[in-house]
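Novice: Quick one: structure below, then a few questions.
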Amino acid sequence: MTVYLLRRLFQSLLVLVAMSLIVFVGVYAVGDPVEILISPDADQAERARAIVALGLDKPLWQQYLVFVQNALRGDLGRSFVYNEPALQLILQKMPATMELALGATVFAILVGLPLGLYAGLHPDSGGAKAIMAGSILGFSLPTFWVGLMLIMVFAVQLGWLPSTGRGDTLWGWSFLTPNGLSHLVLPSINLALFKISLVIRLTRSGVRETMLMDYVKFARAKGLSRNRVTYVHVFKNILIPVVTVVGLELGSTIAFSVVTESVFAWPGMGKLIIDSINVLDRPVIVAYLMIIVLMFIVINLVVDIMYSVLDPRVRLEGQG
Amino acid sequence: MFQQGFAVTATLEVRDLQTHFFTRAGVVKAVDGVSFTVERGKVLGLVGESGSGKSVTGFSIIGLVDAPGRVVGGSIWFQGKDLARLSEEEMRSLRGNRIAMIFQDPMMTLNPVLRVDTQMIETVQAHEQVDRETARQRARDALGMVGIPSPDERLMSYPHQFSGGMRQRVAIAIALLHRPDLIVADEPTTALDVTIQGQILAEVQKLAATTGTSLIWITHDLSVVAGLADDIAVMYAGRIVEDGPVSQVLDAPLHPYTVGLIGSVPSRNKRGEPLRQIPGMTPSLLKLPAGCAFRSRCERADEACLEHPALFGLREGQRARCFHPHLEEVPA
């Protein structure tokens, strides 16, 4: 177990280094932030001063080394635009994205699990076929378009729910106030759409597989009621893969909330990164991606460990 | 709905049972007109190759034939009721209660994510209104009865913490929880070591004798049947081709298929000689040849076998579905 963890940590470190290098070079190749950041009517002296202040006068490899030096001390640089530490900037926006992602996960489970269960138990019924067709839409409809449709129907025409912003917050969280909660609904559904489809398909195939197992037949041979067989014997078995995938998907939900946050003007990390890319605010871009990578590494590790806890037959030694 | 004319001692009377599977490729007559009786406290060995319909017969009795299969004809008389015509709820209340079943692969019969106590207590509570503690008590007694040491600890274990033989004992204990009148055992010892197999067989035999439980023992292993069963029914291609008392059938088989089956048991062959076998394989149930289904593999077959043979009563208590039975061999 310890060997496994050490190896995983070392691998993660390599990923982080590679990641930062790629982003650094990538942003450098995309364009010169100086052109965007410094007002066009500034004179030469002002320009030169600004460039030195941002540390952009040095060659790229030196800039990278300075970045690494600072990063090792926990400092991921200052935003060119806000002149605040990039890390702090991102962490401020984190609760917004977190609650959006968690809201989406809750929707995915609350909607996906029952629908998938139904589709798996009655695979030939019309309802099941409709659900499966619907899940294909969930996979293939573009998020931004669905977001716009949601706004048009529920915010503009029906006027039931607000379409922009986080509403009232309590201790930085929207879901703690009724008004904030109402702001959270539409973006959560929008972000959940893909995951609902995923959970439906996972659950359905899990149910169909499990129903054929001998232990389900044995459970029926014991004279258990249909409900007991379904909700205890089948359900508990399909929960393991569903929990695993939903857990792993949490990372990508946070990372890809960019589109939803833009459509609903949700002031989270996704909106921040899009704005930062627009003005080539390199410290923020790098810091954001580092955090996302770190998050993926941690989530994967936690899921791996959880799996070995859930199922004692799984051992984490050797491989990895 | 009582029917007249049955021996009162019979626990189970299966009459002309037909279970068909309606597949895309056509109708598979997995069980096609099977009749047999199991007396109280007796063991019937249901023998045949894979695909002969013996397991489907077992599942038909307990009402667990899954789509696309269906019991399409015949009757299954059990305690004055025709199981083939019971509602799902009536059937559920019998399953695991009056009729229990033991499955082939003990590694697969217990739910891997539920503790043994959960799986046993739910069985008790499915048929009787008792509290958890009483149910647990019953579960513990049942585990003790099938020879599981320290049953209290074992109740708290998960199935993967048991060996195959132990898991089969747990499954048997579950089957015994309500002291059923009939147990359908579908090759329960096939997946086990020969020593464990012996222990389980002895255990089951003892239990059947003391509780008066009837058994249908489905197997392809004649040596198991020889030691355990009172009667035997040999199935081939969805039909019974020979039945009778076990000693009689095994010592003086009438049907060429039974003769072949017995000949295929390795220990019966002489040392040094090539092992004997039945040529060919079971015909596809989708396109059975006309007449005797065993015709194509039988050395005795002739034009007469193009007709479908009935079950002829050829000796006292012994019947065979054959026009050319092995009558010349006299029982030893």
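Novice: For the structure I just gave you, tell me whether B:Arg92 is facing chain A (nearest Cβ under 7 Å), surrounded by fewer than 21 Cβ atoms within 10 Å (Cβ to Cβ) and not β-branched (Val, Ile, Thr).
Specialist: yes
Novice: Within the range A:34-43, does at least one residue satisfy the condition of being within 15 Å of A:Val284 (Cβ to Cβ) and open to solvent by 70 Å² or more (accessible area, probe 1.4 Å)?
Specialist: Within the range A:34-43 (the criterion being within 15 Å of A:Val284 (Cβ to Cβ) and open to solvent by 70 Å² or more (accessible area, probe 1.4 Å)), the answer is yes, since at least one residue qualifies.
Novice: Residues that are in contact with an Asp or Glu (Cβ under 9 Å, 6 or more places away or on another chain): find the strands (runs of 3 or more DSSP E) completely inside the range B:163-255 holding 2 or more of those.
Specialist: Qualifying strands (runs of 3 or more DSSP E): B:214-219, B:231-236, B:239-245.
Novice: Exactly one condition in (1) more than 18 Å from the chain's Cα centre (by Cα); (2) more than 25 Å from B:Ile232 (Cβ to Cβ) is not met by B:Gly73; state its number.
Specialist: (2)
Novice: Consider the range B:191-233. How many of its residues are modelled with pLDDT under 80 and of a type in the set (Lys, Arg)?
Specialist: Going through the range B:191-233 one residue at a time, the tally reaches 0.
Novice: Restricting attention to the range B:274-293, does a residue exist that is open to solvent by 40 Å² or more (accessible area, probe 1.4 Å) and in a strand (DSSP E or B)?
Specialist: no
Novice: Just for the range B:145-162: of the residues that are in a helix (DSSP H, G or I) and at pLDDT 85 or above, which one is surrounded by the fewest Cβ atoms within 10 Å (Cβ to Cβ)?
Specialist: B:Glu153
Novice: Report, ordered by the first and then the second residue, all pairs with beta carbons closer than 8 Å, sequence separation of six or more or different chains, a first member in the range B:126-140 that is more than 14 Å from chain A (Cβ to nearest Cβ) and open to solvent by 60 Å² or more (accessible area, probe 1.4 Å), and a second member that is among the polar types (S, T, N, Q) and not in a loop (DSSP other than H, G, I, E, B).
Specialist: These pairs meet every condition: B:Arg132/B:Gln125.
Novice: So which of B:Ala301, B:Ala310 ends up being free of Cβ contacts under 8 Å to residues at least 60 places away in the same chain, part of a loop (DSSP other than H, G, I, E, B) and under 18 Å from B:Gly33 (Cβ atoms)?
Specialist: B:Ala310
Novice: Check A:Met295, A:Met306, A:Met269 and return the single one that is modelled with pLDDT under 80 and away from chain B (no Cβ under 14 Å).
Specialist: A:Met306
Novice: Next question. Go through A:Val232, A:Val279 for me and flag whichever is open to solvent by 20 Å² or more (accessible area, probe 1.4 Å) and more than 14 Å from chain B (Cβ to nearest Cβ).
Specialist: Exactly one residue qualifies, and that residue is A:Val279.
Novice: If I filter the range A:254-266 for residues that are without any contact (Cβ under 8 Å) to a residue 40 or more places away in the chain and assigned to a helix (DSSP H, G or I), do I get at least one hit?
Specialist: There is at least one residue in the range A:254-266 that is without any contact (Cβ under 8 Å) to a residue 40 or more places away in the chain and assigned to a helix (DSSP H, G or I).
Novice: Sticking with this structure for a sec: Of all residues in the range A:79-114, which are within 17 Å of A:Leu289 (Cβ to Cβ), in contact with a Lys or Arg (Cβ under 9 Å, 6 or more places away or on another chain) and without any contact (Cβ under 8 Å) to a residue 60 or more places away in the chain?
Specialist: A:Pro85
Novice: Next up: Pick from A:Phe256, A:Phe264: which is open to solvent by 60 Å² or more (accessible area, probe 1.4 Å), away from chain B (no Cβ under 13 Å) and at pLDDT below 85?
Specialist: Result: A:Phe256 is the single residue among A:Phe256, A:Phe264 that is open to solvent by 60 Å² or more (accessible area, probe 1.4 Å), away from chain B (no Cβ under 13 Å) and at pLDDT below 85.
Novice: A follow-up question, please. Would you mind stating whether B:Gly80 is more than 11 Å from chain A (Cβ to nearest Cβ), buried (at least 22 other Cβ atoms within 10 Å of the Cβ), under 25 Å from B:Ala208 (Cα atoms) and not β-branched (Val, Ile, Thr)?
Specialist: no
Novice: For the structure I just gave you, tell me whether A:Leu102 is under 30 Å from A:Leu272 (Cα atoms), in a helix (DSSP H, G or I) and out of contact with any Cys (no Cβ under 8 Å at 6 or more places or on another chain).
Specialist: Criteria met by A:Leu102.
Residue-wise test of (1) open to solvent by less than 40 Å² (accessible area, probe 1.4 Å); (2) within 14 Å of another protein chain (Cβ to nearest Cβ).
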site	(1), (2)
A:Gly126	no, no
A:Met132	yes, no
A:Ser135	yes, no
A:Pro142	no, no
A:Trp171	no, no
A:Leu176	no, no
A:Leu202	no, no
A:Gly206	yes, yes
A:Arg228	no, yes
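Novice: I would also like to ask the following. For the range A:48-58, which residues satisfy the criterion of being open to solvent by less than 60 Å² (accessible area, probe 1.4 Å) and either at pLDDT 80 or above or more than 17 Å from A:Leu280 (Cα to Cα) (or both)?
Specialist: A:Ala48
The values are calculated or read from the model by the stated rules, or taken from the named source; none is laboratory data. Note that the structure is a prediction, hence the values are computed from the model and not measured. Because the Cβ atoms are built from the backbone with ideal geometry, glycine has one as well, and the counts that use them run over all protein chains shown. Areas reflect the complete protein model, heavy atoms only, side chains present, ligands, DNA and RNA absent. Shrake-Rupley method; radii C 1.70, N 1.55, O 1.52, S 1.80 Å.
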